[in-house]
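The values are calculated or read from the model by the stated rules, or taken from the named source; none is laboratory data. Just so you know, these numbers come straight off a predicted model, no measurement behind them. As a convention, Cβ positions derive from the backbone with ideal geometry for all residues, glycine included, and neighbour counts pool all protein chains shown.
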Amino acid sequence: MKKLKSYLKKVVNFSLSLTPITQDFLRILSKLINLAQGKGWGSSTIRQEIKACLKLLNRTPRIFIDVGANKGLYSIEIKKLYPA
């Protein structure tokens, strides 16, 4: 596994050296990084993402916990959707 990670790192570094750094490339790279971290799956806004998560639950939770909150954007959107 260690060798595989090392190999993949070399491939990525080599690929980046051949790829012109454009705004489109950086946008795609940013999106891939966010998806790898579990952010923004299947949606383009926080509100859509929250609604998708709630749909998976099939009921309205009584408590919301924003784990790892940075700026609190999830909490703000939850409060808008469920003021009580």
Subject >> Residues of segment 73-84 satisfying the condition of being small (Gly, Ala, Ser) and surrounded by 10 or more Cβ atoms within 10 Å (Cβ to Cβ) >> reply: 75
Subject >> Residue among 69, 84 that alone is in a loop (DSSP other than H, G, I, E, B), of a type in the set (Gly, Ala, Ser) and modelled with pLDDT of 80 or more >> reply: 84
Subject >> Among (1) of a type in the set (A, V, I, L, M, F, W, C); (2) modelled with pLDDT under 75; (3) touching an Asp or Glu at 6+ places or on another chain (Cβ under 9 Å) - the single one residue 4 does not satisfy >> reply: (3)
**OP:** For residues that are closer than 27 Å to residue 27 by Cβ and surrounded by 13 or more Cβ atoms within 10 Å (Cβ to Cβ), tally how many sit in segment 54-72.
**Re:** 1
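Of 28, 50, which residue is modelled with pLDDT of 80 or more, touching a helix residue (DSSP H, G or I) at 6+ places or on another chain (Cβ under 6 Å) and in a helix (DSSP H, G or I)?
Checking each option against the conditions leaves just 50.
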Subject >> Looking only at segment 7-25, and only at residues there that are among the polar types (S, T, N, Q) and modelled with pLDDT of 70 or more, the one that is nearest to residue 69 (Cα to Cα) >> reply: 23
